[in-house]
Structure formats: C-alpha cells, structure tokens
Amino acid sequence: MMIYVGESLAAIYVLYNTGNFAHYNDTWVDGVDPVSGGEFPPPGLFEPIRGFGKVWRSFPDVRSGLGWAIENEAGVSATVLAFNAGKMIALPTLGQIAVLANFGNYRLLAGMP
C-alpha cells in the first residue's frame, strides 16, 4: 500500500506486507514530471501514477515489493497524529489506522468508524 501525506514536506509512505514501511519525500511536480511511465500492466492491474508512480519507478525495491497496483489511486482526507516514536495515519475509507514506528515497522489497527 502507498499513502500520500501532504504535510509541509509532502511524503509517500510505502507499507509492505512484511510489516515494514519506507518513507520517501514526494518530489513529483505537476507539469514537469510525467503522470505515467507509459507502462502496460497485466489485465486487471494498474500502473501507479503521479507521485506514487515516480517512487514506484525510481526505487526497484518499491516496485518489486509492491508489484502493480490493484486499484486506481484514490484521494481521501486522513488525519495524521505525530508522536515521539512515529505517527498514526487514520485511513477512514479502509476503516483502519496505520501506526508507523520510527524504526521502520508499522501495524494496521481496525476500528475507524
């Protein structure tokens, strides 16, 4: 899963099925960077686009760790709470909270209304 957080320094978080995550600064610039890499995913899958796509194409470990997208990118509002050991990101459309620890692990908690 990829999560975009538009703070003063916009970031993209990549959450792997291993329980680890990676943080990347969002350097994608509209009108400068391509929206798509022009790749052709297998049927039923999608190419990550914009900032997600730039990270996915630029870092082989992200591409191999996530594979093709299973859904199109969707924008939603989320609440972010930073704390000493990391941050929590409420993901209301999934009914979950992503708890990201500063040492690179995460956990998804159920319970969002």
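General observations
- Its relative contact order, with pairs defined as Cα atoms under 8 Å and 6+ residues apart, puts the chain at 18 percent.
- Least to most buried among Ser58, Ser8 (fewest other Cβ within 10 Å first): Ser8, Ser58
- Helical content alone sets the calculated 222 nm signal of the chain at -4000 deg cm²/dmol, taking -39,500 (n - 2.57) per DSSP H segment of four or more residues and averaging over every residue.
- Trp68, Trp28 arranged by Cβ crowding within 10 Å, fewest neighbours leading: Trp68, Trp28
- From the coordinates shown, P(r) over Cα pairs in 10 Å bins from 0, in percent corresponds to which of (1) 13, 45, 34, 8, 0; (2) 15, 50, 31, 5; (3) 13, 44, 27, 12, 4, 0: (1)
- Among Ser77, Ser36, sorting on how many other beta-carbon atoms sit within 10 Å of each Cβ, with the fewest leading, yields Ser77, Ser36.
Every number in this text was worked out from the coordinates using simple rules, so none of it is lab data. Everything quoted here is computed from the prediction, not taken from an experiment. Using ideal geometry, Cβ is built from the backbone for each residue, glycine included, and neighbour counts are taken over all protein chains shown.
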